[in-house]
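Just so it is clear, none of the values below were taken in a lab; they were calculated from the coordinates. Keep in mind that this is a model prediction, so the values were computed, not measured. Cβ sites come from the backbone with ideal geometry, for glycine too, and all protein chains shown count toward neighbours.
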There are 2 protein chains.
Amino acid sequence: MGQRLIVVGGSAAGMSAAAKARRTNENLEIVVYEKSRFVSYGSCGFPYFLKGEIPRIEDLIVRTPQEFFKQGIHAKIRHQVLFIDPQERTMQVRNLETGEEFTEHWDKLILTTGGIAARPPIRGLALAGIFTLRTPEDALAVHAWLQQADVKWGVIVGGGYIGLEMAEALAARGLHVTLVEMLPQVMPGMDPEMAAHVLEELRRNQVDVRLEHPVEAFEGDGRVRAVMAGGERFPADVVILSVGVKPEVALARAAGIALGPTGAVAVDDHQRTNLPEVWAAGDVAEALHLVTGKPAYIPLGTTANKQGRVAGANAAGGDAIFPGVVGTAVVKVFDLEVAHTGLSERSARAEGYDVETVTISAPARAHYMPYHPPIHLKLVFERGSQRLLGAQMVGQEGVAKRIDVLAAALSARWTTYDLAGLDLSYAPPFAPVWDPILVAANVANR
Amino acid sequence: MGQRLIVVGGSAAGMSAAAKARRTNENLEIVVYEKSRFVSYGSCGFPYFLKGEIPRIEDLIVRTPQEFFKQGIHAKIRHQVLFIDPQERTMQVRNLETGEEFTEHWDKLILTTGGIAARPPIRGLALAGIFTLRTPEDALAVHAWLQQADVKWGVIVGGGYIGLEMAEALAARGLHVTLVEMLPQVMPGMDPEMAAHVLEELRRNQVDVRLEHPVEAFEGDGRVRAVMAGGERFPADVVILSVGVKPEVALARAAGIALGPTGAVAVDDHQRTNLPEVWAAGDVAEALHLVTGKPAYIPLGTTANKQGRVAGANAAGGDAIFPGVVGTAVVKVFDLEVAHTGLSERSARAEGYDVETVTISAPARAHYMPYHPPIHLKLVFERGSQRLLGAQMVGQEGVAKRIDVLAAALSARWTTYDLAGLDLSYAPPFAPVWDPILVAANVANR
């Protein structure tokens, strides 16, 4: 009998780890414990499920426990891990269906307990109709609630990715949508003047955006009826609370797994924790930020999948490395593509860099093509060295993958001189002869 | 009075050079001689003008001679440079309007005479209705010809970019289009199995593609009526001959400007030729290929603009560098985006590399989104080192700018391991959580 690998948590990172471990070592016994009824789901799809573009929540599942079983992976849903004993290499598990508890031995452990939606202690938070959106159960609960005939007013709390995607989803369902945000801008990862394009798009689509409106209370009669924010009252039949994600570190902390400066589990480039034979990956873990060289907590599905794969390979006896992240993200907001990578001007200054920036607008296609919507691009770079520190991009097309060139540039630690020399693709339907990236780099190099 | 810079040739490279020289040195006298009636045009737009998407040829002009004059650049159209004397630093110029010839002195010279369309000596080549497509005059001539009521049959000779774009343009005008190609594939810069996707798209759009059909003759009665190719006869009311571009080196050669191994003008990373105070840029010149480390002749608008800018800066006393090319190109073929960068498998083998390849198909969006067309991606890399040598990509969306990540990777001399670690953007409408580039890199790394 081979050794036993237990993976705690069955979403992207966990199942990615299990599958890679299986491919790396066929003698390993692999067990995954997952609290919810689902494994291997794409939570990034929830807003599109709720918008109505994806008919069934099951469509978001990559593979079922039955399919994993055929690969020799025991994915046990509705099982909660209560306690991990790193000395004895055991864990206490509860079967949530039967209530039964049992002790399991492990030789290798991968912790992928993920993140939890922040739920600030606001009065009325327990009212029915107030939702966060992390798990398939969350998505199904929102879906069921929206089926009610009398849901006309939706309030989104928080202007990050999920808030913006849910604003679009609820608007597409015909709800009157209010978005309340504590900060003076949406998209907190971007600088204000770039986020302003997003704000404009939201308002153009009749989303009532209220900046600098911290939520004071939820009001209702068992179910939510209104949100009090910034001293104003907004009617609400449904509330989506999307004010951030925190790492689910309770198990880790109790087991003596060290957390890093961000509060998430500290890992090295092999996804190792401080404990022998224990790895961590995904939204529970930190990642090395390649621009700052420091650990960062940027919970995203792409990173979860990659880290899971690396943890799985290493737990199975391989030697894989996760190089780190540069913080690349993209979100669709109605007809806009909104993307950023690396540091914003604000975060670069906070990190102590001597910052310069360039912001340009250039068409997404050759200027003579009948349709050539603008791309707004901001480069953040270090004065003197001209080293690229980050980029932000907004436009109706050509943004989502163009940002990846700048993500690659950050990985390569390139300067704006390097950027200006890139041999980027050109044809009139896809770019101007001077790609917006080259235009921005040329301006930066003046 | 400052020194005099003369730029020979007023298309992309030439006007880019003149404009950059002007910004670099305000004391320089700058004169551009251009044979045709147009300067500063985007010849890549001709197929879209002929398709009818762009109403007027003038829309393709970036700036007119009048506008350049306001910047202090004398752009003289309909002036042909007949001879350059590098010893005396003079040139002989003919005013094509008046027939007048005169001698001009120069202190600095930038040669941007561009490329000429290949016209192989085929019987019947002089018949009316047979066109190449390089200059605005060419485009206007084709346009005028197509206005004739009886133009029903179009034959494209050559399956490169221009041939493919013109097939689409003529089909959009309702012509019956035949494309005859000497080679066993279209898109000669790609490998056959990737080019097969393009072939399929052409045929799906009723373009009658005939591979391995070298043209034997054009037939007609003063105007073209048919093309004989591969032993068959294809009716033709108009023929677009797009079988390649050659550098226009007659002036250079007569002046003693050295050509490189490709037959184009040899230049260093400052766009200097072998002669003092003489630079060259654009389709007349070579460029360093960053993958092979050898000079290459890949005449494209992006390179022309960049090289022109560098030549202009240096001729004006600056110190600019053109790092080289990786051979990135994209073309729209009906509903397909077709792109490649670096070396194809065939060209990599020809260069002597020990080549491995990986070809994958992955969706352009998350698999659960209602529309998620496939992207076909081929990576070409070196066995052992896993160094990326090239990439080819075909798909209905997400190709044009995704190829640029691979172009950047070639500039960085990355391996497939480096690729697999990239922090690429992800949101369900724009990519799967494992971007096709990461999928391909992971397969390459197995």
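Here are the numbers for the structure shown:
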{"quantity": "Relative contact order for the stretch A:335-444, counting Cα pairs under 8 Å that sit 6 or more residues apart, in percent", "calculated": "32"}
{"quantity": "At q = 0.15, 0.16, 0.21, 0.22 Å⁻¹, base-10 log of I(q)/I(0) for the stretch B:335-444 (Debye sum, equal scatterers on each alpha carbon)", "calculated": "-0.57, -0.64, -1.07, -1.16"}
{"quantity": "Over 23 Å (Cα to Cα) - which of B:LYS332/B:LYS378; A:LYS246/A:LYS294; A:LYS76/A:LYS108; B:LYS152/B:LYS246; B:LYS20/B:LYS108 fall in this group", "calculated": "B:LYS152/B:LYS246"}
{"quantity": "The stretch A:164-253: trypsin sites (Lys or Arg not before Pro) in DSSP coil with no more than 15 other Cβ atoms inside 10 Å", "calculated": "A:ARG173"}
{"quantity": "Per-selection metrics, the protein assembly as shown (Cα): Rg and Dmax in Å", "calculated": "30.4, 102"}
{"quantity": "Computed log₁₀ I(q)/I(0) - Debye formula, equal Cα scatterers, no solvent, the stretch B:112-152, q 0.22, 0.25, 0.28, 0.32 Å⁻¹", "calculated": "-0.84, -0.98, -1.07, -1.14"}
{"quantity": "Reciprocal mean inverse distance between Cα atoms of chain A - Kirkwood radius, Å", "calculated": "23.3"}
{"quantity": "Inter-chain shielding of B:48-58 (mean C-beta neighbours from other protein chains, 10 Å cut-off)", "calculated": "2"}
{"quantity": "log₁₀ of I(q)/I(0) at q = 0.12, 0.21, 0.24 Å⁻¹ - the stretch A:266-352, Debye sum with one point per alpha carbon", "calculated": "-0.41, -0.96, -1.13"}
{"quantity": "Mean separation of Cα contacts under 8 Å, 6 or more apart, over the residue count of the stretch A:61-102: relative contact order %", "calculated": "26"}
{"quantity": "Space enclosed by the convex hull of the alpha-carbon atoms of the stretch B:187-229, per residue, Å³", "calculated": "87"}
{"quantity": "Value of Rg/Rh across the stretch A:327-399 [Cα atoms, Kirkwood radius]", "calculated": "1.05"}
{"quantity": "Kirkwood hydrodynamic radius over Cα pairs of the stretch A:71-119, then Stokes diffusion coefficient at 20 °C and 1.002 mPa s, in µm²/s", "calculated": "173"}
{"quantity": "Formal net charge of residues neighbouring B:THR357 (Cβ-Cβ distance under 15 Å; K, R +1; D, E -1)", "calculated": "-1"}
{"quantity": "Calculated on alpha-carbon atoms, Rg and Dmax of the stretch A:119-241 in Å", "calculated": "13.5, 40"}
{"quantity": "FRET E, pair A:ALA196, B:LYS152, Förster distance 51 Å, beta-carbon r, rounded to 0.05", "calculated": "0.45"}
{"quantity": "Computed [θ] at 222 nm, helices only, for chain B once each DSSP H run of length n ≥ 4 contributes -39500 (n - 2.57)", "calculated": "-7500 deg cm²/dmol"}
{"quantity": "Projected label distance in nm at B:LEU140 and A:ARG119, using a 7 Å step from Cα toward the beta-carbon", "calculated": "7.3"}
{"quantity": "Summed residue charge, Cβ within 11 Å of A:ASP191's Cβ, Lys/Arg positive, Asp/Glu negative", "calculated": "+1"}
{"quantity": "Förster-model FRET efficiency, 41 Å R0, A:SER385 and B:ASN445, C-beta, rounded to 0.05", "calculated": "0.80"}
{"quantity": "Chymotrypsin sites (Phe, Trp or Tyr not before Pro) within the stretch A:341-446, DSSP loop, no more than 15 other Cβ atoms inside 10 Å", "calculated": "A:TYR371"}
